[in-house]
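Comments concern the structure below.
The values are calculated or read from the model by the stated rules, or taken from the named source; none is laboratory data. Everything numeric in this text was worked out from a predicted model, so none of it was measured. Cβ coordinates were reconstructed from backbone atoms using ideal geometry, including for glycine residues, and neighbour counts include every protein chain displayed.
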Amino acid sequence: MILSNSRYEEIKETVVDLFEGLDIHCTPISGFEIATKMGIKVIPYSAYPKITKELMIKRSDDGFSVKKKTGEWYIFYNDSKPYGRINNTIMHENGHIALDHTEDSELAEAEAKFFAKFALAPPALIHNLNLKTAYEIAERFEISHEAAEYALIFYNKWLRYGGRFYTGYEIKLCHLFGIAI
């Protein structure tokens, strides 16, 4: 599902505002750190007995979030996956929570997917850190090579369609990460 340009911009601003509010200012960007600072409990599937773990994997092979009746959020994740995939899953679930998704839908999934992609390797940071290859992006942001390939494509589109003209949130993002523009 493709979101509108205005929705993409809203999500980017939400990410940067979240980073600012939680004092996120260095790479790699950790979904775990963000979840913890948001007051979300993050629990690996392996913390549960085998039968429960199997049910969790049946619900989602990667992870999912749940809001308890107490109002507390929990993210459960499959800790048998590689770190880059786990971090992406946690960031994706952070996106659902930060974007105030109340039900599962194709739209909610598209928004959370974009939230995670932008939050884990923002194009303005890739640009100002002078990262040129997917390998460099993967190393700096501790994301999977596959995610880094997508980040590089996203970065190149950002460059092609006006990346050199920073938005207010991109300027704020760079300043948060100690980059003078």
Name the single residue that is surrounded by the most Cβ atoms within 10 Å (Cβ to Cβ) among those in segment 69-96 being touching a residue at least 40 places away in the same chain (Cβ under 8 Å) and charged (D, E, K, R).
GLU93
List pairs: first residue in segment 166-181 and on the phi < 0 side of the Ramachandran plot and among the polar types (S, T, N, Q), second residue buried (at least 18 other Cβ atoms within 10 Å of the Cβ) and at pLDDT 95 or above anywhere in the structure, Cβ distance under 9 angstrom, at least six positions apart or on different chains.
THR167/LYS12; THR167/ALA124
Flagged in segment 14-32 as surrounded by fewer than 16 Cβ atoms within 10 Å (Cβ to Cβ) and assigned to a helix (DSSP H, G or I), in numbering order, are ASP17, GLU20, GLY21, LEU22
How many residues of segment 68-91 are more than 17 Å from THR36 (Cβ to Cβ) and either in a strand (DSSP E or B) or of a type in the set (Val, Ile, Thr) (or both)? The answer is 1
So ASP62, is it at pLDDT 95 or above, of a type in the set (Asp, Glu) and either within 24 Å of ILE143 (Cβ to Cβ) or surrounded by 15 or more Cβ atoms within 10 Å (Cβ to Cβ) (or both)
yes
Residue pairs, Cβ under 8 Å, 6 or more apart or interchain, first in segment 52-68 and touching a residue at least 12 places away in the same chain (Cβ under 8 Å) and β-branched (Val, Ile, Thr), second buried (at least 17 other Cβ atoms within 10 Å of the Cβ) and not in a strand (DSSP E or B). List them.
ILE57/TYR45; ILE57/ASN78
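Please work out if GLU146 is surrounded by fewer than 17 Cβ atoms within 10 Å (Cβ to Cβ), within 15 Å of the chain's Cα centre (by Cα) and within 21 Å of SER30 (Cα to Cα).
So GLU146 fits the description; yes.
Name the single residue, out of those in segment 1-13 being assigned to a helix (DSSP H, G or I) and in contact with a helix residue (DSSP H, G or I) (Cβ under 6 Å, 6 or more places away or on another chain), that is nearest to GLU139 (Cα to Cα).
Here the residue is LYS12.
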Residues being within 20 Å of LYS172 (Cα to Cα) and in contact (Cβ under 8 Å) with a residue 24 or more places away in the chain - total across segment 100-130:
16
Criterion violated by ASN94 - all others in (1) among the polar types (S, T, N, Q); (2) part of a helix (DSSP H, G or I); (3) touching a Ser or Thr at 6+ places or on another chain (Cβ under 9 Å); (4) more than 17 Å from THR14 (Cβ to Cβ) satisfied
(4)
Applying the selection to segment 42-67, what residues are over 17 Å from the mean Cα position of the chain (by Cα) and either aliphatic (A, V, I, L, M) or assigned to a strand (DSSP E or B) (or both)?
ILE43, PRO44, ALA47, ILE51, LEU55, MET56, ILE57, VAL66, LYS67
So, ALA124, is that one farther than 20 Å from LYS41 by Cβ and buried (at least 17 other Cβ atoms within 10 Å of the Cβ) or not?
yes
